[in-house]
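Worksheet: one structure, shown below.
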Number of protein chains: 4
Amino acid sequence: MLERNQVLGDKIQHIDIAKHNVVPLVDAMRSMAYSARDLARAADIYERMLRDENCGVILCLAGSLISAGLKKIFVDMIRNHMVDAIVSTGANIVDQDFFEALGFSHYIAEDRFKAGMDDDKLRDLHIDRIYDTLIDEDELRICDETTQKIADELEPRPYSSREFIHEMGAYLDHVGCKSPDSIVYEAYKHNLPIFCPAFSDCSAGFGLVAHQAARVDKPKVSIDSVKDFHELTILKVKNRETGIFMIGGGVPKNFTQDIVVAAEILGHEVPMHKYAIQITVADVRDGALSSSTLKEASSWGKVDTTYEQMVYSEATLAVPLIIGYAYHKGAAKARKGREWNRIFETVAV
Amino acid sequence: MLERNQVLGDKIQHIDIAKHNVVPLVDAMRSMAYSARDLARAADIYERMLRDENCGVILCLAGSLISAGLKKIFVDMIRNHMVDAIVSTGANIVDQDFFEALGFSHYIAEDRFKAGMDDDKLRDLHIDRIYDTLIDEDELRICDETTQKIADELEPRPYSSREFIHEMGAYLDHVGCKSPDSIVYEAYKHNLPIFCPAFSDCSAGFGLVAHQAARVDKPKVSIDSVKDFHELTILKVKNRETGIFMIGGGVPKNFTQDIVVAAEILGHEVPMHKYAIQITVADVRDGALSSSTLKEASSWGKVDTTYEQMVYSEATLAVPLIIGYAYHKGAAKARKGREWNRIFETVAV
Amino acid sequence: MLERNQVLGDKIQHIDIAKHNVVPLVDAMRSMAYSARDLARAADIYERMLRDENCGVILCLAGSLISAGLKKIFVDMIRNHMVDAIVSTGANIVDQDFFEALGFSHYIAEDRFKAGMDDDKLRDLHIDRIYDTLIDEDELRICDETTQKIADELEPRPYSSREFIHEMGAYLDHVGCKSPDSIVYEAYKHNLPIFCPAFSDCSAGFGLVAHQAARVDKPKVSIDSVKDFHELTILKVKNRETGIFMIGGGVPKNFTQDIVVAAEILGHEVPMHKYAIQITVADVRDGALSSSTLKEASSWGKVDTTYEQMVYSEATLAVPLIIGYAYHKGAAKARKGREWNRIFETVAV
Amino acid sequence: MLERNQVLGDKIQHIDIAKHNVVPLVDAMRSMAYSARDLARAADIYERMLRDENCGVILCLAGSLISAGLKKIFVDMIRNHMVDAIVSTGANIVDQDFFEALGFSHYIAEDRFKAGMDDDKLRDLHIDRIYDTLIDEDELRICDETTQKIADELEPRPYSSREFIHEMGAYLDHVGCKSPDSIVYEAYKHNLPIFCPAFSDCSAGFGLVAHQAARVDKPKVSIDSVKDFHELTILKVKNRETGIFMIGGGVPKNFTQDIVVAAEILGHEVPMHKYAIQITVADVRDGALSSSTLKEASSWGKVDTTYEQMVYSEATLAVPLIIGYAYHKGAAKARKGREWNRIFETVAV
């Protein structure tokens, strides 16, 4: 019989790009073909957008990336001013990053679990599976409850997810961040905005539903997704030149591409995203947004086609190479933290 | 030189499952292999969930499905009581279905446009591309403006997307629906709830941002994604047995699977989703939610494994066969419209 | 414990396109998007190539298609003069079609076997797995032995795979074909050539290796893959207009596309393949031949681009619809069996 | 208008693993998830098979890998005794490696060519395209002619592809190899066997067809694919413990897995392949051999399941990391060249 101790064994460890100078490797890939060449071009574009002093960089995260060991990369991007805003699925930010900041971990699943024949047993053990990675469900419930607690102490009104996530950072600052690396906490300290435009779609959703249900008829915290969209659009208006670095597709991709159009609708003539990278294995032939090419996005007036590159790779292989490349080239040396959260201190949304 | 008239030629036409009795074809697929066999099993499961008199059916839509000619199928599902609630990306409901209800159409793109080499020219012509399908961007702007107009006339407070979409149906009822088939309008007439948990992520987002920006400091309509989650959870609590029919993955899949857990968090012991079907081409090896197996969902306590089937197919091939099968078998003959919107008339959320 | 009887239960049954008039369904798909529209266009092209009275039709088979229940379709194509030559992987022709002609069957695997956790047990039971389909390995060994027996009785010299497969048909004619439908037998009766350019790569390979090993130093039957290529090229030279219907990629695709170039090298100016269809789920981004576009093949001078269509679908869904469409449209009514094997009675290769 | 000079610009350059110590990077991937973790495990298995002193290593190559810049890796594997036999598609060995050994190059295609809209123009310029890579077709014809010349000078009899490729190496030795790195030439010098079981399926096929056509009724060189299978099986019999490193699937995968069964049929009890790695993006759900799991191969008695790992990645990303890892770990330090070609000097086939 399976026992929790046996199943929850080795922990996921986050790769540290500072330790791997991948510049020569990526340089060698430039004269190869297929994904290698595309990856090198994406690295070039990311370097270029960091060196473009007017360009704001938006990182889009979809897929279970934090549980996969990529967290420290994103934290180091914040620390080294390689990103100015993050747009993510809720799971990455709340269930995975904030979860680890509360002191919990993700676990490496034995190969047999991937097959899915033991999921019923995992269910009985209160263990959740993400493909080849495991989570202690009881710990995840503590994460849910913590978001409820945070909501309970806030002034009841509509919040953007950015505002709420900033409060999560403040909470970590207050109680102490239990992980040496946390996206939520590092973003809080750097005044870097994080948006989860489908915020209920994660552990925070559970906490917030519990909050609203408990309030019954009393005033409640709500999460206004329109405000999210408005705020991100304001960032585009205030910082007209932008580049986007997308890992996966989904809502973060769509939402971030859309702000060019939203700015126009609000009466601001802004340029398309000047740089765009997407790492994905999604197949273009299903016609979905996640797999749609960046060229297609240019028909919508969202992405310029001069510097765009899609990279066909599962993220754990490509992300360390592309971001590691820009890191070791020192592409962001001249950049400073833009602290875009401060924009919202003066602009009413 | 490209001209708009040439480019916007033949219109997408929606397939009518009533005209195609696919029962013998799907029956023949049951003893084949691969996707054919899986498709037949999915059809069996859908038939079974419709014949299960206690079971509520939730349809999840991700990907550009309405623009692809699948609209009438979903409308006929509503008309024939083959679905009780819809959870969708915003694009399907607003940019595509509501858009057509306003009298506009999607267009078949010539093969050359797929290659992406003409997207700049399409941009100049105000034509947007979805893989092999085209949209008149000027018409889409009218759709944006219409959602703003609807928001402007509503009492300013937080709304669930369901509430707002119901108002869109009321608008169509008022001005007249310009399409013979509309999901939004048909759902309105049948009191069937539609949720778009990432509602800003579509044409409605543009209209609502414009609404909020115009209001400046005055009270605004906001879209509370927590309320969405709360409402959908209440449906699960009120109708404990559920089956889910998922086309694509993304937020609709995650959100709908999650309500089992949310109900539990609110103190209600509810069973997992008893039936689950997903049609997708997403590859499980990227570890993302969209591609994750329904078995994996059972480790989270969300989906029972007795009646679950994934079908590996692009949706336009599989959806007409699976839903057409249940339609021609008369699986929903004994079902009635559940009018789940009425639940929210008595339950405060 | 698993028992053979339990595991080898229901048999694969081959779909009969004559029973399913899919014409209205495919016609409806023409005005949809994505795979549906592409499928309808492929059906149009197949119809067109059958109605083009000068056009020879070559069917290319890769993937395990016969074990998947598609056999009768290909047999009916031969019977109804909808194909003039077949180029296939060895497995489809020998391990699967000839295997069934010897009286054996393929079995439907229970869903659990797909996961791969029981393959060791299947090994112990002498049961082989093809994804979701099972084979009795002891029966397969009889198939191997039969090909050895056929080789043993032939004059020892180099044969093309076509010649050897024709002898397999003669063998079936002699001993009696145990299946009502057999590609090998039907092709034999219609003098239709079947090529397996990688012929050792299947059950016949086992039989032929045993034959050669037993012969030691004595003259042996050998399979000359150059002769295969030469013969197929001669067909192109003798029937200059050709269309190719490819299911999957691999050697059959490459080999058949190549004959245009081979004809040229032999001093014959022949046109490119005039029509080309490929059904595949392979992703173009790995740069492999199987996934390469038919447009790419035109850079090599192999395929004309006027009438080419790739269809993104697993074969069991798309093949019955496309071939069933042409069948029910009576596209081949005016065609006769070309009996291309007769060409080799007069042309020395 | 396109001009050849403009189109054929920068050349593909082959990555040199000796210059990139990827050991720390791969080590870091071991505690991540998805492809990164699988890649690290594959690297571990490859290291283990090299350190297993009884184990013979067979490298299987499918897909256009040489044109993609991976050639030097395979050459260095031969030089450093990291491989004992190669089984490949013909294109890698003849059209690409031998082609470069004759002094020709592959070219980097501009991004626009990928879209396929210029393939007609490339056709007119005698330029062939492999996804994002270009070839001078006139040079390729010289490659075809060279294989004809080699055939013309051989004793007319059936050859295995191994024998013929060895003669290609002898030719390079005679006329001088024009590339610093050539698989064919390096294998020749190391007496390492290379098999192309579908040998006609490449540039050599063109040369050999021309040879056979020119011979008319006179004795000819033929390529006996049964002999290929027999020879590779003998290697398994003579070196019972084997590991296979597969890049892509197709005929090389099938053929190499099959030799375990072939040995058994010839009366030799040999163990299954003890180690197996496959790098592929093929999707298991189409039921084809290329995508079939190594677990599935164990049901056929071909591959042991203790040390097997599939890696989901396009090859240009994963191959340098996995082979570079074993190289820099010095895993093959204790290995010597086995010169398996010598086996055929004493064993009659």
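Only the coordinates and a few stated rules stand behind these numbers; no lab work does. Predicted model only: the values in this text are computed from it and were never measured. Note: ideal-geometry Cβ built from the backbone for every residue, glycine included; neighbour counts use all protein chains shown.
In a fully extended conformation the segment linking C:L154 and C:E339 would gain 64.3 nm over its present Cα-Cα distance, using 0.36 nm per residue. Equivalent ellipsoid of region C:15-59: semi-axes from √(5λ) of the C-alpha gyration tensor, largest first, are 20, 15, 9 Å.
About the Cα centre of region A:191-349, what is the dipole size in debye to 20, counting +1 per Lys and Arg Cβ and -1 per Asp and Glu Cβ, all else neutral?
Taking the Cα centre of region A:191-349 as origin, the dipole is about 580 debye.
Along Cα→Cβ, 7 Å out, is where each label goes; now give me the distance between the ones at B:Q13 and B:K238 in nm to one decimal. Modelled inter-label distance: 4.0 nm. For A:I127, nonlocal amide neighbours, meaning residues 5 or more places apart or on other chains whose placed amide H falls under 5 Å from its own, are A:E137. With R₀ set to 22 Å, the beta-carbon distance separating A:D27 from D:E139 gives a calculated FRET efficiency near 0.20. Between A:D217 and A:R4, the contour length at 0.36 nm per residue exceeds the Cα-Cα span by 72.6 nm.
In terms of the Cα gyration tensor, with a ≥ b ≥ c the square roots of its eigenvalues, is region D:109-236 rounded because a/c is under 1.5, prolate because a/b exceeds b/c, or oblate? Note, shape of region D:109-236 comes out prolate. Each of D:F74, D:F104 was scored by other Cβ atoms within 10 Å of its Cβ. Listed from fewest to most, they are D:F104, D:F74. Taking every DSSP bridge with both residues inside the protein assembly as shown, close to 20 percent are antiparallel.
Using alpha carbon coordinates only, what is the Rg to Rh ratio of region C:241-315, with Rh defined as the Kirkwood radius?
Using Cα coordinates only, the ratio equals 0.96.
Per residue, the convex hull spanned by the Cα atoms of region C:156-299 measures out at 154 cubic angstrom. Distant-in-sequence amide contacts of C:T242, defined by a placed amide H-H separation under 5 Å and a gap of 5 or more residues or a different chain, comprise C:G56, C:K274, C:Y275.
Our compactness index for the protein assembly as shown, the C-alpha radius of gyration over the empirical 2.2 N^0.38 Å, is 0.89. Mean projected area of the Cα convex hull of region A:289-342, taken over all directions, amounts to 5.9 nm². Taking other C-beta atoms within 10 angstrom as a stand-in for reagent exposure, A:Y325, C:Y34 fall in the order A:Y325, C:Y34, fewest first.
With the convex hull constructed from alpha-carbon coordinates only, chain A shows a mean projected area of 18.6 nm² over all directions. Annotation: amide H of C:M310 within the under-5 Å range of C:Q278, sequence separation 5 or more or interchain, hydrogens built in the peptide plane. Hey, how many Å between the Cα centroid of region B:196-232 and the Cα centroid of region C:140-189? Using only Cα atoms to place each centre, the spacing works out to 70 Å. Couplings 3J(HN,Hα) for region A:181-191, derived from phi with the Karplus relation 6.51 cos²θ - 1.76 cosθ + 1.60 (θ = phi - 60°), are 9, 9, 4, 4, 6, 5, 5, 4, 5, 9, 6 Hz, where x marks Gly and Pro.
In a simple Cβ point-charge model (Lys, Arg +1; Asp, Glu -1; nothing else charged), the protein assembly as shown has a dipole of about 0 debye relative to its Cα centre.
Converting phi to 3J(HN,Hα) with the Karplus coefficients 6.51, -1.76 and 1.60 and the offset θ = phi - 60°, region B:55-63 yields 8, x, 10, 10, 9, 10, 10, 9, x Hz in sequence order, with x at every glycine or proline. Under a point-charge model restricted to the Cβ atoms of Lys and Arg (+1) and Asp and Glu (-1), what is the dipole moment magnitude of chain D relative to its Cα centre, in debye to the nearest 20? Its charge dipole is roughly 1140 debye.
Once you have the Kirkwood Rh of region A:106-152 from its Cα pairs, apply Stokes-Einstein at 25 °C and 0.890 mPa s and quote D in µm²/s. Translational D for this selection: 212 µm²/s. Listed by chain and number, the aspartates and glutamates whose C-alpha is less than 19 Å from the C-alpha of B:K19, apart from same-chain residues fewer than 8 away, are B:D27, B:E47, B:D76, B:D181, C:D27.
Cβ crowding within 10 Å, taken as a proxy for footprinting-reagent exposure, orders B:K114, D:K236, C:K11 from fewest neighbours to most as C:K11, B:K114, D:K236. Projecting the Cα atoms of B:Y46, B:L102, B:L122 onto the dipole axis of region B:34-165, where Lys and Arg carry +1 and Asp and Glu carry -1 at the beta carbon, places B:Y46 farthest toward the positive end.
Label point of D:L2 (7 Å along Cα→beta-carbon): distances to the other copies' equivalent points are 2.0, 5.2, 5.4 nm, sorted ascending. Against the empirical 2.2 N^0.38 Å (N residues), region B:47-175 has a Cα radius of gyration ratio of 1.23.
Here the 3J(HN,Hα) profile of region D:21-26, calculated from phi with Karplus coefficients 6.51, -1.76 and 1.60 at θ = phi - 60°, is 7, 8, 4, x, 5, 5 Hz, Gly and Pro shown as x.
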